[in-house]
Amino acid sequence: MPVRQEEPSGSFFVDGHTGDDDATWVAHCDGGAWPNPGTMAIGAVLSSPTGEVHQLSQRLSGSGCNNEAEWRATVATLRCALAHGAQALHLHTDSTQVRDHLSLPQAPTLPPSLQAWVDEARVLAAGLPCFKVQWVPRHRNAPADALARAALGLPPKPVQTPHPKARRRD
């Protein structure tokens with residue numbers, strides 16, 4: 001498994017390359033369940049280095065929890081990036097569980113229904129020569145969230161940004 005290193009921002013990258021060049025694809029993904037647990041849906045926005053944008057909005061069969069939906073969104077986003085020929089991907093997620101389990105080889109094992117998705121996501125991420133996963137606050141993942149909610153027939157959540165004095169400097 002490639003070596004993963006932590007940056008001060010809380011993001012992680014593989015093989016010492018941060019993927020901040022012109023060949024990097026950028027993705028935002030989100031999953032949700034309504035109610036939780038309940039019907040699941042996923043949403044993602046994948047942008048190529050040339051500015052081409054691909055959107056994914058899908059209601060999933062069966063029911064599950066929000067964590068399963070987050071993992072299924074991650075796997076679908078990785079598959080989409082690989083199918084489009086991505087070699088470098090910067091994945092944004094509002095799930096700390098996804099960030100941690102894709103970044104830390106020694107992350108605790110999850111229940112079997114989730115661990116199978118973790119394992120699949122790790123295999124897909126290993127297929128990218130450069131992969132970076134970064135946690136973002138929910139308000140910075142709003143387009144992916146809106147696509148997941150649309151698949152459930154729900155309106156987008158109002159975007160609530162933190163008070164300017166409470167904002168972190170990036």
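The values are calculated or read from the model by the stated rules, or taken from the named source; none is laboratory data. What you see is a predicted model, and the numbers here were worked out from it, not measured in a lab. Counting neighbours? That spans all protein chains shown, and the Cβs are built from the backbone with ideal geometry, glycine included. SASA here: full protein model, heavy atoms, side chains in, ligands and nucleic acids out. Shrake-Rupley method; radii C 1.70, N 1.55, O 1.52, S 1.80 Å.
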When region 98-109 is checked residue by residue, the ones that are assigned to a loop (DSSP other than H, G, I, E, B), touching a residue at least 24 places away in the same chain (Cβ under 8 Å) and among the aliphatic types (A, V, I, L, M) are LEU104
When region 126-139 is checked residue by residue, the ones that are within 17 Å of the chain's Cα centre (by Cα) and touching a residue at least 60 places away in the same chain (Cβ under 8 Å) are ALA126, LEU128, CYS130, PHE131, LYS132, VAL133, GLN134, TRP135, VAL136
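Within region 76-97, restricting attention to residues that are at negative phi and part of a loop (DSSP other than H, G, I, E, B), which residue is surrounded by the fewest Cβ atoms within 10 Å (Cβ to Cβ)?
Filtering region 76-97 for residues that are at negative phi and part of a loop (DSSP other than H, G, I, E, B), the one surrounded by the fewest Cβ atoms within 10 Å (Cβ to Cβ) comes out as HIS84.
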Residue pairs qualifying under the 8 Å Cβ cut-off, at least six apart or on distinct chains, with the first in region 35-61 being without any contact (Cβ under 8 Å) to a residue 24 or more places away in the chain and the second being of a type in the set (D, E, K, R) and open to solvent by less than 40 Å² (accessible area, probe 1.4 Å), are none
Filtering region 113-154 for residues that are among the charged types (D, E, K, R), surrounded by 19 or more Cβ atoms within 10 Å (Cβ to Cβ) and more than 18 Å from CYS65 (Cα to Cα) leaves a count of 1
task = Could you check, for region 139-157, whether at least one of its residues is in contact with a Phe, Trp or Tyr (Cβ under 9 Å, 6 or more places away or on another chain), of a type in the set (A, V, I, L, M) and closer than 20 Å to ARG79 by Cα?
result = no
ask   = Before we move on, is THR50 open to solvent by less than 20 Å² (accessible area, probe 1.4 Å) and at pLDDT 95 or above?
value = no
Scan region 98-112 and give yes if some residue there is out of contact with any Cys (no Cβ under 9 Å at 6 or more places or on another chain), open to solvent by less than 20 Å² (accessible area, probe 1.4 Å) and at pLDDT 95 or above, otherwise no. yes
